Amino acid sequence: MEENSGYPDIRNVGGTVVVDFPPSHPGHHDVAYHRRRVAIAEAAFRAGPASSAPDIAYTDEEQRVWRTVSAALTGPHVKHACREFLEGADRLDLPADRLPQLGEVSDRIEQLTGARFSPAPGMLAPRDFYSSLAERRFQATQYIRHPSRPHFSPEPDMIHEIIGHGTALAHERWADLYEMFGHTVRRLAGREAVSAVSNVFWFTMEAGLVKEDGDIKACGATLLSSCGELENIARADIRPLDTTAVQRQPYVVTGYQPVLFCAESFDHLEDVLRDYLTGIQDRK
Ligand SMILES: [Fe+2]
């Protein structure tokens, strides 16, 4: 998961892990939830970014949130998800009745496409996040969203990571696109170019749409891990995918997207991303 403003601030200050929620966060006044988030962030800091994800003993409440979200997404996925996402879901075969460990999901993805998850305590600097993608390694969180709002998370929790990104990484065509973002950011030196790439990542890999047999389908991880986001597609201003426009388009990280971009097909999405990611240069 990549750093952006509006999310909680999670940091390690001389061995003490600090988690600060913004006032709008549903866990802002929940002491037990805050304690839990600190413990899970500590586990990720202890493991380190290149290691396998540590196992977390998820609570009954966290398991309940998983079952609620998982069951609620089944119908909307059939209706709204693009073909390549549904194929990835079939291959990954996430359990609906229990919250799997990040490491267990990672092992399955690695067998399928060679991609894997490693643990992230919270927000990452964009360069850190994208650089690991060049190794087909996606740094993912392991905490679970606040139980008061199971269908929308103001930040990318593990449910978002495994349902949204994990399902995509289980499909070779998606896994190749993630890796391409990583190689592109590794060769760029400037913040401005990396920020432009982040925008394109957001409006494609997180909130992208593709046409399929005349219908508009969701292909981004943020849309596909939230019933609310999937319902919001009908209310969004949908524009043709154009990376020049996408680079300039502001996006909302803690609410539904007012503007989305749609590719003509999955092939078209791949072509647009390949052209953009191989062509972008630092400003002279
Ligand atoms: Fe994400």
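The values are calculated or read from the model by the stated rules, or taken from the named source; none is laboratory data. Values in this document were obtained by computation on a predicted structure and should not be read as measured data. No Cβ is skipped: glycine too gets one built from the backbone with ideal geometry, and neighbour counts run over all protein chains shown. Side chains included, ligands, DNA and RNA excluded: accessible areas come from the protein's heavy atoms. Shrake-Rupley method; radii C 1.70, N 1.55, O 1.52, S 1.80 Å.
Among the residues making up the range 84-119, those that are surrounded by fewer than 20 Cβ atoms within 10 Å (Cβ to Cβ), hydrophobic (A, V, I, L, M, F, W, C) and farther than 16 Å from PHE266 by Cβ are LEU94, ALA96, LEU112. Each residue in the range 111-131 was checked for being within 14 Å of the chain's Cα centre (by Cα) and not hydrophobic (A, V, I, L, M, F, W, C), and 6 pass. As a summary of the residue check, PHE152 satisfies the conditions (1) open to solvent by less than 10 Å² (accessible area, probe 1.4 Å); (2) farther than 20 Å from ARG98 by Cβ; (3) aromatic (Phe, Trp, Tyr) except for the one numbered (1).
The rows are residues; the columns are (1) over 18 Å from the mean Cα position of the chain (by Cα); (2) farther than 28 Å from ASP97 by Cα; (3) buried (at least 21 other Cβ atoms within 10 Å of the Cβ).
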| site | (1), (2), (3) |
| --- | --- |
| MET158 | no, no, yes |
| LEU169 | no, no, yes |
| GLU192 | yes, yes, no |
| PHE203 | no, yes, yes |
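Per the conditions (1) closer than 30 Å to GLY27 by Cβ; (2) within 15 Å of the ligand (Cβ to nearest atom); (3) crowded, with 16+ Cβ neighbours inside 10 Å, the sole criterion not satisfied by CYS227 is (2).
Comparison of ALA39, ALA43, ALA81 shows that the only residue that is open to solvent by 20 Å² or more (accessible area, probe 1.4 Å), modelled with pLDDT of 90 or more and on the phi < 0 side of the Ramachandran plot is ALA39. In the range 41-61, the residues that are farther than 21 Å from PRO147 by Cα and touching a residue at least 40 places away in the same chain (Cβ under 8 Å) reach residues that are among the charged types (D, E, K, R) and buried (at least 16 other Cβ atoms within 10 Å of the Cβ) with C-beta atoms within less than 8 angstrom, at least six apart or across chains, in these pairs: ALA50/ARG137. Hey, any hits in the range 207-222 for a residue that's assigned to a helix (DSSP H, G or I), among the basic types (Lys, Arg) and either crowded, with 18+ Cβ neighbours inside 10 Å or over 14 Å from the mean Cα position of the chain (by Cα) (or both)? No, the conditions are met nowhere in the range 207-222. For the residues ARG283, ARG187, the requirement of being modelled with pLDDT under 95, more than 20 Å from the chain's Cα centre (by Cα) and open to solvent by 30 Å² or more (accessible area, probe 1.4 Å) singles out ARG283.
What number of residues within the range 83-100 satisfy the criterion of being in a loop (DSSP other than H, G, I, E, B) and over 12 Å from THR167 (Cβ atoms)?
Within the range 83-100, the first condition is being in a loop (DSSP other than H, G, I, E, B), and the residues that meet it are 93-100.
Okay, now just the ones that are also over 12 Å from THR167 (Cβ atoms), so 95-100.
Number of matching residues: 6.
Close Cβ contacts (under 6 Å, 6 or more residues apart or on different chains) running from residues in the range 198-212 that are under 14 Å from TYR178 (Cβ atoms) and within 14 Å of the ligand (Cβ to nearest atom) to residues that are assigned to a loop (DSSP other than H, G, I, E, B) and open to solvent by 20 Å² or more (accessible area, probe 1.4 Å) comprise TRP202/TYR251.
For the range 157-177, a tally of residues being closer than 27 Å to SER265 by Cβ and either within 11 Å of the ligand (Cβ to nearest atom) or hydrophobic (A, V, I, L, M, F, W, C) (or both) returns 13. Against the list (1) farther than 20 Å from GLN281 by Cα; (2) open to solvent by 20 Å² or more (accessible area, probe 1.4 Å); (3) away from the ligand (no atom under 12 Å from the Cβ); (4) at pLDDT below 95, the condition GLY122 fails is (2). In the range 235-263, of all residues being farther than 25 Å from PRO8 by Cβ and among the hydroxyl-bearing types (Ser, Thr, Tyr), the one that is surrounded by the fewest Cβ atoms within 10 Å (Cβ to Cβ) corresponds to THR244. Considering the range 134-149, and only residues there that are open to solvent by less than 30 Å² (accessible area, probe 1.4 Å) and more than 12 Å from the ligand (Cβ to nearest atom), the residue that is farthest from ALA175 (Cα to Cα) turns out to be HIS146.
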